[in-house]
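Enquirer: The structure under discussion is supplied below as structure tokens; questions concerning it will follow.
The values are calculated or read from the model by the stated rules, or taken from the named source; none is laboratory data. Keep in mind that what you see is a predicted model, and the values were worked out from it rather than measured. Glycine also receives a Cβ, built like all others from the backbone with ideal geometry; neighbour counts cover every protein chain displayed. What goes into the accessible areas is simple: the full protein's heavy atoms, side chains included, and nothing from ligands, DNA or RNA. Shrake-Rupley method; radii C 1.70, N 1.55, O 1.52, S 1.80 Å.
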Amino acid sequence: MIDRVKKFVVLWILVLAMMLLGQGRVLMAVDPGEPCNDGSAETCAEERQQAQGDKPADPNDDDDDNLQVVEEDDADAGDDDEEESIPLEKTPKAVQATIKKEFGAGAEIEEIHREEDDGQELYYVGGETSGGEFIELTISGEGQVLAREQEIELQRAPKAVQAAVKKAAGDTDLEDVEGRKVVEEGETHFVFEFETSDGSGVELVMTEDGTILVREQEIDPENLPTNIQKLVKVKVGQTAEIEEARKIEEGDEGAFFVVTGQVGDKEFEMSVSVDGSEVEVEIFTEDDEDDEDDEGDEGDDEESDDDDGDSD
């Protein structure tokens, strides 16, 4: 009799244990309409989707305006000399709308930079349009396109521009010529770059009718006119070493040389007219550049302080 009672008690304990275990499982289950983990029902739904490998839809996603922002390489991101690109979503809504309109759906945005010019907020945006064309835009904080620059092949430029480039190039092979179309303040200019037969680079800035506004050409320092080389020694210093030189012709303004190089531990830049009558010299060091950077940082700090004061 006692043995039978013991068996009955053990059986009853097992039944109770199974019942309690079943209740525990019920308590652990998540009711779709009730909060979980101290969250809302929506949070629970997201947690279940994530557990099943599904990603909840982002209400801000717009498939029609899907712009791909190209991430910078780690090497570029660590370069202090390069300006850091800001995310598209950090720009004003009006700027975002303009970028989407100008670049098109599926475009690749490579860089977005913000600057201030005379108190005006400007955004510089570069990337490849949905049509595969690389363009650069200058956009105001209100979303207005102030300047547009795009790559253009020589054969797609106006006939007058093509003729001007070919005349300026002479017998130079123009297969590797690079061109840009620039529209700014209602005016359209074409810029073409190529190398002459002796390897020096040339840049032409022209109007739509082929008028050359600026011609800039690299010059071997040894081929600078003797009077210019002597003038560098007089104005900069006897130890000055010329590293680069360019000749710039600006329509009716005439021609002048821009010479850069080293003098001791300093760098210099000298602009001088062809006849040597007009000279401008600037000599600077790395400390000068550091000072300019510090001034820029101080300006940013002041703006930050102003913003903090406004928030108070």
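Enquirer: Using a Förster radius of 30 Å, what is the FRET efficiency between T285 and Q229 based on their Cβ-Cβ separation? Nearest 0.05, please. Could you put the intermediate results ahead of the total?
Expert: Working: r = 24 Å, r/R0 = 0.79.
Computed FRET efficiency for T285 and Q229: 0.80.
Enquirer: Any chance you could run the full-extension gain for E269 through S200? It's 0.36 nm times the residue separation minus the Cα-Cα distance, nm to one decimal. Can you show the working numbers first?
Expert: Working: separation 69, 0.36 × 69 = 24.84 nm, distance 1.98 nm.
Between E269 and S200, full extension yields an extra 22.9 nm.
Enquirer: When all protein chains stay in place, what accessible area (Å², nearest 10, 1.4 Å probe) is found for R215?
Expert: For R215, solvent-accessible area is about 50 Å².
Enquirer: How far apart, in nm, are two points set 7 Å out from the Cα along the Cα-to-Cβ line at V183 and at K93?
Expert: 2.7
Enquirer: Pop the C-beta distance of K159 and Y124 into the FRET formula with R0 = 45 Å and round what comes out to the nearest 0.05.
Expert: Numbers: r = 32 Å, r/R0 = 0.70.
Between K159 and Y124 the formula returns 0.90.
Enquirer: Another question, if that's okay. Using the per-residue mean of other Cβ atoms lying within 10 Å as a proxy for protection, in what order, highest first, do the peptides 170-178, 261-269 fall?
Expert: Working: 170-178: 11.4, 261-269: 15.2.
Packing order, densest peptide first, comes out as 261-269, 170-178.
Enquirer: Here's something else I'd like to know. Given labels modelled 7 Å from the Cα in the Cβ direction, how far is it in nm from E151 to E241?
Expert: Rounded to a tenth, the inter-label distance reads 3.6 nm.
Enquirer: In whole Å, what are the Cα extents of segment 95-204 along the three principal axes, biggest one first?
Expert: 47, 34, 25
Enquirer: Would you mind computing the Rg to Rh ratio of segment 161-291 from its alpha-carbon coordinates, Kirkwood style for Rh? The partial results should precede the final answer.
Expert: Working: Rg = 17.0 Å, Rh = 16.4 Å.
Rounded to two decimals, Rg/Rh equals 1.03.
Enquirer: With all protein chains present and a 1.4 Å probe, how do S140, S85 order by accessible area, largest first? Walk me through the intermediate numbers first.
Expert: Working: S140 0, S85 30 Å².
Result of the area sort, largest leading: S85, S140.
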